[in-house]
């Protein structure tokens, strides 16, 4: 947990924050608990990349993506572009496999998956701090300026839990990052999404799905996807 804190910076010195591309944000963000720093700790980067480099399952997950075009995920979100493989993006190999958590201990949940047998339960840890709680994926990929990506996840309340917890997506690397507007979780799965217009080259894509600091707050996440929406061009 301590290593993951390197993802966070004080946003008070930002002039207006990161610009949000039109059409990417959900409901207006109701809090300032956002990260604009994606320089992931070495442990987090290592944990996320290791599964891609080992074993037959990694080879299968790294298979060429399907043809680009519109499609839907398990909660009905319309996806566009070319799919970029996210290791264990459906969480069927467990919440700790390829993901790290901050101010939360991601737990396997079989009560209400959006797809398959497992979803991931995230609950805010008491004393975790003011920066919210989130799950992080670092997707190894050579990205270049001019490309555009979009991350989409399915979220909902835990069964019997309180609705209304704001959740948003952050996608990018270091200060080259876009932050989505918050979506309030409910008793049915809905999508939370954010696009990223790449400003400089990187060797991975960082994705955070974050809830705000609130005692007793929890949500389920399933089916995290990443798509290449636009090439850099000539």
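Observations, loosely collected:
- Computed Kirkwood radius, in angstrom, where 1/r is averaged over Cα pairs of region 119-210: 14.2 Å
- FRET E, pair residue 111, residue 80, Förster distance 41 Å, beta-carbon r, rounded to 0.05: 0.85
- Summarising the label geometry, the points placed 7 Å from Cα in the beta-carbon direction at residue 188 and residue 174 lie 4.4 nm from one another.
- Each Cα pair under 8 Å and six or more residues apart adds its separation to the average, and for region 98-160 the resulting relative contact order is 35 percent.
- With a Förster radius of 41 Å applied to the beta-carbon distance between residue 126 and residue 203, the computed FRET efficiency rounds to 0.70.
- Cα centroid separation - region 198-226 against region 134-163, whole Å: 4 Å
- Backbone N under 16 Å from the residue 68 label point (7 Å along Cα→Cβ), restricted to region 197-234: 197-198, 226-234
- Region 173-234: relative contact order as a whole-number percent, Cα under 8 Å and 6+ apart: 33 percent
Read the figures in this text as sums done on the coordinates, not as results from a lab. Predicted model, so just to flag it, every value in this text is computed and none were measured. In this analysis, Cβ positions are derived from the backbone assuming ideal geometry, glycine residues included, and neighbour counts consider all displayed protein chains.
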